[in-house]
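Please treat every number below as a calculation from the coordinates, not as lab data. All values reported here derive from a predicted model rather than from experimental measurement. Every residue, glycine as well, gets a Cβ built from its backbone with ideal geometry; the counts of neighbours run over all protein chains shown.
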Amino acid sequence: MKIAVFSARPYDRRFLDEANQHADAAHSFEFLYFDASLDIHTAALAQDCEAVCVFVNDRLDAPVLHALHALGVRAILLRCAGFNNVDLATAADLGFFVARVPAYSPEAVAEHALALVMTLNRQTHRAYNRVREGNFMLDGLLGRTLYGKTVGIVGTGKIGLATARIFKGMGCTVLGHDPYPSPAFESIGESVPLDELLARADIVSLHCPLTPDTHHLINDVSLAGMKAGAMLVNTSRGGLVDTQAVIRALKSRHLGHLAIDVYEQESVLFFQDRSGEIIDDDTFQRLMTFPNVLVTGHQGFFTVEALQEISGITLRNLGDFATGNTCPNLVTAA
Ligand code: NAI
């Protein structure tokens with residue numbers, strides 16, 4: 001069976017090939033790797049393939065799904081947990097098998113959220129450059145002791161829970177908000193309504209999925225409800241945050257720090273080398289001018305362990321598609 005792998009970076013090839021070598025010999029999978037992301041212009045690359053394997057910024061809207069279906073593609077393998085980039089209703093109408101990787105090292109993303117908080121709080125990114133230039137002044141590097149601070153976790157699922165455990169271990173008070181609170185969270189922190197979490201937390205970390213309900217969950221009103229000087233961390237999905245509202249809150253000095261691994265318009269920027277180009281996105285460029293903003297390019301998942309799990313589970317999902325076995329990781333329209 002041939003599978004067109006879109007948005008394929010060298011590390012995707014390495015880990016998928018390794019998993020394929022260990023796969024059940026009964027299935028022979030041939031991966032065709034494409035650097036291009038999937039959209040209506042690149043869908044034709046999946047010619048002769050029964051499946052496509054995609055990542056967060058590949059676009060599987062109705063026109064793309066119809067184009068893939070016309071080519072004979074019948075399965076969509078997501079190398080990620082989120083599936084907000086797939087038109088599931090159209091996929092169901094066309095009879096697509098859609099499977100994802102629901103969990104892969106939640107700790108990898110939680111640890112990245114911690115890395116962002118620690119970097120921004122203690123300015124280690126600036127200290128690194130400063131010391132290399134022979135400047136040992138401490139001015140501008142002043143941080144806050146995190147011990148005893150209050151951290152609000154929005155979405156106490158797998159990643160939120162792992163993040164909550166880390167901050168609890170650091171001696172922070174942990175608050176959580178989730179419409180379906182996990183019992184495991186109750187032993188770590190206190191479940192509170194969102195407005196109370198925003199009002200009490202020194203650090204707010206977002207770990208809920210992007211849905212129509214959570215789109216721009218962080219907006220002018222919710223930002224105004226946050227503690228003055230607080231830090232906002234988003235390692236979940238860019239669309240949770242209204243970036244223009246965040247810029248207003250940074251300019252008014254109400255929002256103290258912003259750390260993001262995801263950005264609403266990231267699909268035209270992230271996972272590409274744009275260093276020699278002019279970036280047209282003025283909103284992103286405005287964010288870059290703030291000394292109290294830290295951006296990474298969607299690398300929360302990026303550990304050896306997580307990539308091994310993603311590839312292994314993707315191969316198992318493919319095996320279920322090939323054999324017709326029940327796949328535990330199917331994604332269906334609500
Ligand atoms: P999960 O499904 O285990 O947990 C999500 C939680 O959010 C659930 O408990 C759900 O009830 C809750 N939730 C839903 N609506 C909510 C709302 N309105 N307010 C508060 N909570 C709400 O998902 P998991 O594995 O923890 O992943 C969370 C998100 O992290 C994913 O949706 C994905 O967007 C993002 N992610 C980011 C990665 C990165 O590399 N930066 C990698 C993997 C996931």
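Of 132, 144, 237, which has the largest mean-square fluctuation in a 10 Å C-alpha GNM of the chain?
Residue with maximal mean-square fluctuation among 132, 144, 237: 132.
Show that you can apply the helix-only estimate: for the chain, add -39,500 (n - 2.57) for every DSSP H stretch of four or more residues, divide by all residues, and state [θ] at 222 nm to the nearest 500. Show your work: numbers first, answer last.
Numbers: 12 runs with 118 residues, N = 334.
Computed ellipticity for the chain at 222 nm equals -10500 deg cm²/dmol.
Note the full-extension length gain between residue 93 and residue 308 as 0.36 nm times their separation in residues minus their Cα-Cα distance, in nm to one decimal. Intermediate results must be reported in sequence, preceding the final value.
Working: separation 215, 0.36 × 215 = 77.40 nm, distance 3.23 nm.
Extra length available between residue 93 and residue 308 comes to 74.2 nm.
With +1 on the Cβ of every Lys and Arg and -1 on the Cβ of every Asp and Glu, and nothing else charged, how large is the dipole of the chain about its Cα centre, in debye rounded to the nearest 20? Walk me through the numbers before you get to the answer.
Details: 26 positive and 37 negative charges, 227 e Å.
Around 1100 debye, computed over the chain.
With a sphere of radius 11 Å drawn around the Cβ of residue 231, what net charge do the other residues whose Cβ falls strictly inside it have (Lys, Arg +1; Asp, Glu -1)? Before the final figure, lay out the partial values.
On the way: positive: 144, 149, 227; negative: 202.
Taking every other residue near residue 231 into account, the sum is +2.
Taking every pair of distinct Cα atoms and averaging 1/r, then inverting, what Kirkwood hydrodynamic radius in Å comes out for segment 1-152? Before the final figure, lay out the partial values.
On the way: mean 1/r = 0.0539 Å⁻¹.
It is 18.5 Å.
Would you mind ranking 273, 39 by Cβ crowding within 10 Å, fewest neighbours first?
Numbers: 273 6, 39 17.
In order of increasing Cβ crowding within 10 Å: 273, 39.
Mind jotting down the distance between the C-alpha centroids of segment 212-282 and segment 135-184, whole Å?
Rounded to whole Å, the Cα centres lie 19 Å apart.
Using the Kyte-Doolittle scale, which helices in the chain average at least -1.0 and also have C-alpha atoms spread 15 Å or more along the helix axis, with helices defined as whole DSSP H runs?
Details: long enough: 10-21 (17 Å, -1.75); 106-122 (24 Å, 0.49); 158-169 (17 Å, 0.45); 304-323 (28 Å, 0.30).
Those that clear 15 Å and a mean of -1.0 are 106-122, 158-169, 304-323.
If each Cα of segment 104-248 is one equal point scatterer, what is log10 of I(q)/I(0) from the Debye formula at q = 0.21 Å⁻¹?
-1.33
Which FRET efficiency value, to the nearest 0.05, is calculated for residue 251 and residue 221 with the Förster distance at 22 angstrom and r the Cβ-Cβ distance?
On the way: r = 17 Å, r/R0 = 0.77.
Taking R0 as 22 Å, the efficiency between residue 251 and residue 221 is 0.85.
Over every pair of different alpha-carbon atoms in the chain, take the mean of 1/r and invert it; report that Kirkwood radius in Å. Walk me through the intermediate numbers first.
Working: mean 1/r = 0.0471 Å⁻¹.
Every distinct Cα pair counted, the radius reaches 21.2 Å.
Give me the distance in nm between label points sitting 7 Å out from Cα along the Cα-to-Cβ direction at residue 40 and residue 168, one decimal.
It works out to 4.9 nm between the two label points.
Sum up the charges of everything whose Cβ sits under 15 Å from the Cβ of residue 14, counting Lys and Arg as +1 and Asp and Glu as -1, but leave residue 14 out. Kindly include the intermediate steps, with their values, before the conclusion.
Values: positive: 9, 13, 79; negative: 12, 17, 18, 35, 305, 309.
Charge balance in the 15 Å sphere: -3.
Give me the extension gain from residue 285 to residue 147: residue separation times 0.36 nm, minus the current Cα-Cα distance, reported in nm with one decimal.
Details: separation 138, 0.36 × 138 = 49.68 nm, distance 3.32 nm.
So the chain would gain 46.4 nm between residue 285 and residue 147.
Taking H placed 1.01 Å from N in the peptide plane, check which residues at least 5 places from residue 150 or on another chain put their amide H under 5 Å from its amide H.
Hits under the 5 Å cutoff: 173, 202, 203.
Determine the gain in length on full extension of the stretch residue 66-residue 9; use 0.36 nm per residue of separation and subtract their C-alpha separation, reporting nm with one decimal.
Details: separation 57, 0.36 × 57 = 20.52 nm, distance 2.57 nm.
Extra length available between residue 66 and residue 9 comes to 17.9 nm.
Among 255, 269, 175, determine the one that fluctuates most according to a GNM of the chain built with springs between C-alpha atoms less than 10 Å apart.
It is 269.
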